[in-house]
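Working notes for the structure below.
The values are calculated or read from the model by the stated rules, or taken from the named source; none is laboratory data. Quick caveat: nothing in here was measured; it's all calculated off a predicted structure. Areas reflect the complete protein model, heavy atoms only, side chains present, ligands, DNA and RNA absent. Shrake-Rupley method; radii C 1.70, N 1.55, O 1.52, S 1.80 Å.
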Amino acid sequence: VEVVENGKNFEMLPNDELKYFTKAAQEFNLKVKPSTTSAVQFWKINQVHLPSLSYLAKIYLGTCGTSVPSESASSSAYLGRKERARLSAEYIAYI
């Protein structure tokens, strides 16, 4: 992976990128309080220095999470239950 820093091009090997990531993450965590947006903020700052890892981060940070195990969500027993599509007033407040 070719990286440009201070106007100079150099090639960063995957192992070097991982070492840089470790150092950058430690420094970032000392300066920034963890929040729901801190991971995105980290990758905006470091995407130039960590191009391969930044590419992977864009893929995985853009993936929606779920609390339903995949087996449960696709099983016929789960699909037949009334609870699967029911929202209580308590949960609607979070939407």
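Details
- Oblate is the label for segment 14-63. Its Cα gyration tensor axes, ordered a ≥ b ≥ c, give a/c of at least 1.5 and b/c at or above a/b.
- Carbon and sulfur %, accessible surface of segment 14-63 computed with the full protein complex present, 1.4 Å: 62 percent
- Largest accessible area first, the listed residues ILE45, ILE59 line up as ILE45, ILE59 when surface is computed with a 1.4 Å probe on the assembled protein chains.
- Heavy-atom SASA rank of LYS31, LYS44 (probe 1.4 Å, accessible area, largest first): LYS31, LYS44
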